[in-house]
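Below you'll find the structure, written out as structure tokens, and then a few comments.
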Amino acid sequence: MRITPAPVPAGSPALPPSPSGSVTVGVIGAGRVGAVLGAILADTPGYALAAVSGETPATRERIAALLPGAQIRKPTDVARAADLLLLTVPDDRLAGVVCSLVGSGAIREGQYVVHTSGKHGLDVLQPAADLGAHVLALHPAMTFTGTAVDRARLQGCVFGVTATPADLAYADQLVAVLGARPVRVAEDQRALYHAGLAHGANHLVTLVAQAMDMLAASGVADPSGTLRPLLSAALDNALTDGDAALTGPVARGDRRTVRDHLAQITEHTPGSLDSYVAMARATVDRSAADGRLAGGRAAALHETLSEALPEAPGHPVAPADDAAADSERTPL
């Protein structure tokens, strides 16, 4: 990878304002993320929203709600009007958007071009860098609703920053303007960084939804109210203590309880069986790795989990029976 943005002359501001005296901001893809970031910058002294692009009815409604009065223009016009250009488009469209803007002559030397993708770093912006633009990857580690509540949530959250040494100071400044904190992410680690966030947040939504399905099937009238205090405590404990926060039947090696879980899930919420087994296997491994779950009990649990999905690739396990597992049980 090579990134060769225009250098910042010593002693000059990182981003000179337009003749109007403000840094003009353009947003291409004013969806959930772009509209919120644009709204924050539009309300910040020294910044002025030049124009935004957005095609779908939902995007137009979001622009009207968060960016009232904003000029809606085609992407090339947005880019030409902006000193600071935010590309807040889906990951798979980003490279095409950059190439299209460069090919149309809408990117210029000295302009700041910023994307908010978690997966991508600077490489995807290389065509803009080749023209002398400053390129930044700034990914907010936050889930967005595309409403005003996101502004408060951004305060103090982390942005994953990838930038050249010459542009790091401006990247930190821009993140601070948005009310957040920068964390450096190396170019070749962006996908892993993004995977960690997706696994922790996106998959959490699926897990919680499945847990609510199970509670509803069991007759619980208020699944979300039942889970909220438990999940809040579990999340706090996990973020503070890591694996040491693990509790429950898998961490204790309660094979019979896990077997009953599997039977009931298979009968009442079979769509959740695969994910329960996958997470239980991972929990067995992590509990065994830190010494809380001895070998025989771990093998017994893996055997039980493999039996629940006979046609799925399972964990290779040594034969184990309930008596052998129980002999290693420690008093509670």
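The values are calculated or read from the model by the stated rules, or taken from the named source; none is laboratory data. Quantities reported herein were computed from a predicted structural model and do not represent experimental measurements. Positions of Cβ are backbone-derived with ideal geometry, glycine not excepted, and every protein chain shown enters the neighbour counts.
Reported count of residues in segment 181-203, each being farther than 18 Å from Leu122 by Cα and outside any helix (DSSP H, G or I), is 1. Restricted to segment 254-312, and to residues there that are assigned to a loop (DSSP other than H, G, I, E, B) and under 27 Å from Met212 (Cβ atoms), the residue that is modelled with the highest pLDDT is Thr269. Kindly list, by first and then second residue, each pair from a residue in segment 65-79 that is more than 24 Å from Thr147 (Cβ to Cβ) and in the same structural domain as Val102 (by TED's automatic domain parsing) to a residue that is among the hydroxyl-bearing types (Ser, Thr, Tyr) and assigned to a loop (DSSP other than H, G, I, E, B), limited to pairs with Cβ atoms under 8 Å and residues at least 6 apart or on different chains. Cβ pairs passing all conditions: Thr76/Ser104. Entry remark, segment 157-171: residues being in contact (Cβ under 8 Å) with a residue 40 or more places away in the chain and not small (Gly, Ala, Ser) number 4 in total.
From the list Ala251, Ala245, Ala238, the lone residue that is touching a residue at least 24 places away in the same chain (Cβ under 8 Å) and either closer than 15 Å to Val284 by Cα or within 30 Å of the chain's Cα centre (by Cα) (or both) is Ala251.
Listed here are the residues, each with its yes/no results for (1) touching an Asp or Glu at 6+ places or on another chain (Cβ under 6 Å); (2) of a type in the set (D, E, K, R); (3) in contact (Cβ under 8 Å) with a residue 40 or more places away in the chain; (4) part of a strand (DSSP E or B).
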{"position": "Asp92", "(1), (2), (3), (4)": "no, yes, no, no"}
{"position": "Gly105", "(1), (2), (3), (4)": "no, no, no, no"}
{"position": "Glu109", "(1), (2), (3), (4)": "no, yes, yes, no"}
{"position": "Pro127", "(1), (2), (3), (4)": "no, no, no, no"}
{"position": "Ala137", "(1), (2), (3), (4)": "no, no, yes, yes"}
{"position": "Met142", "(1), (2), (3), (4)": "no, no, no, no"}
{"position": "Gly146", "(1), (2), (3), (4)": "no, no, yes, no"}
{"position": "Gln173", "(1), (2), (3), (4)": "no, no, yes, no"}
{"position": "Gly179", "(1), (2), (3), (4)": "no, no, yes, no"}
